[in-house]
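Only one structure is covered here, and it is reproduced in the block below.
The values are calculated or read from the model by the stated rules, or taken from the named source; none is laboratory data. Please read these numbers as outputs of a predicted model, since none were measured by experiment. Here Cβ is always computed from backbone atoms with ideal geometry, including for glycine, and neighbour counts include all displayed protein chains. Side chains included, ligands, DNA and RNA excluded: accessible areas come from the protein's heavy atoms. Shrake-Rupley method; radii C 1.70, N 1.55, O 1.52, S 1.80 Å.
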Amino acid sequence: MGIAENISTIEEELSRLGVKLIAVSKTKSHDEILEAYQTGHRAFGENIVQELVEKHEALPKDIQWHLIGHLQTNKVKYVVPFITLIHSVDSLKLLNEINKHALKHDRVIDCLLQVHIADEDTKFGLDHIELIELLRSEQFRQLEHVRIKGLMGIATNTPNEKVIKEEFYELKSLFDGIKQSFFKHATYFDTLSMGMSADYKIAIEQGSTMVRLGSTVFGQRQYNK
Ligand SMILES: *Cc1c(COP(=O)(O)O)cnc(C)c1O
């Protein structure tokens, strides 16, 4: 199947479930992205700032770009002018920096706080205590140009479905608790970004509202060394 067929099929399946699709286009060409775009799809995700900026400049301006990879504070200024949602906010320092640049552009930037759920040291994200400390801090409450729309998490890369299921269950429980404690009357706190090609079905069973799919949409990635 081609990209257009893939995306239409997945989009239909997900929309029935009320789950939003982010088509992860990292390493993919402009033409491949345009093939998906022509089906009417608009939400695309990239994990590297330089690649994201280059594609934003080259491709149609009504694409909604999502940053799904780690963001360094010195790169914030490049994405703030156009980004739709930053999935990977993992510190108050970063949030502060996003706020500072958003103020200059007179924007309010939607962000997700990335939570560390995987059984691996290498994955970025806040642990539960850091997350709660951040949300409780006086400094956070003063940031008027960022809006926390929810949480994001990446499960362990393992064939063991029980492990993945438990990690997503944990993140959904945390999401519900955080909503109740900090965003009870904030209708915008509605996004739980969890699930990639290998595990999105489990993620949806566990309450995901947004999945980030690369290879399911575009086919396997080729990395040129
Ligand atoms: C690459 C990537 C994805 C998509 O991965 P696939 O396995 O191709 O679906 C999702 N989320 C993040 C954070 C990624 O870096």
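Loop-located GluC sites (Glu not before Pro) across the stretch 80-187 with a Cβ neighbour count of 15 or fewer within 10 Å are E120, E144, with loop assigned by DSSP. Among L135, L95, L151, the largest mean-square fluctuation in a Gaussian network model of the chain, built with springs joining Cα atoms closer than 10 Å, belongs to L135.
Each residue was assigned an accessible area with a 1.4 Å probe, and for R141 the value is about 150 Å². Counting only lysines at least 8 places from K184 when in the same chain, those with an alpha carbon closer than 16 Å to its own are K149, K172. Sum -39500 (n - 2.57) across every DSSP H segment of at least 4 residues in the chain, then divide by the residue count to get the 222 nm mean residue ellipticity, nearest 500. Result for the chain, helices only: -12000 deg cm²/dmol. Taking every protein chain into account, the 1.4 Å probe leaves S137 with about 30 Å² of accessible area, to the nearest ten. For the chain, rounded, prolate or oblate, judged on the Cα gyration tensor with a ≥ b ≥ c (square roots of eigenvalues), a/c < 1.5 rounded, else prolate if a/b > b/c? Oblate, because a/c is 1.5 or more while a/b does not exceed b/c. Along the axis of the charge dipole computed for the chain (Cβ charges of +1 for Lys and Arg, -1 for Asp and Glu, origin at the Cα centre), the listed residues S8, L113, S193 are led at the positive end by L113.
Taking the chain as a Gaussian network of alpha-carbon nodes connected by springs under 10 Å, the highest mean-square fluctuation of the residues L67, L112, L94 belongs to L94. Ordered from largest to smallest accessible area (heavy atoms of protein chains, 1.4 Å probe), the residues T73, T9 come out as T9, T73. Largest GNM mean-square fluctuation across A102, A23, A203, computed for the chain with C-alpha springs under 10 Å, falls on A102. For the stretch 1-135, a crude dipole built from +1 on the beta carbon of Lys and Arg and -1 on the beta carbon of Asp and Glu, taken about the Cα centre, is about 560 debye to the nearest 20. Comparing Cα centroids, the stretch 72-127 and the stretch 30-53 end up 20 angstrom apart.
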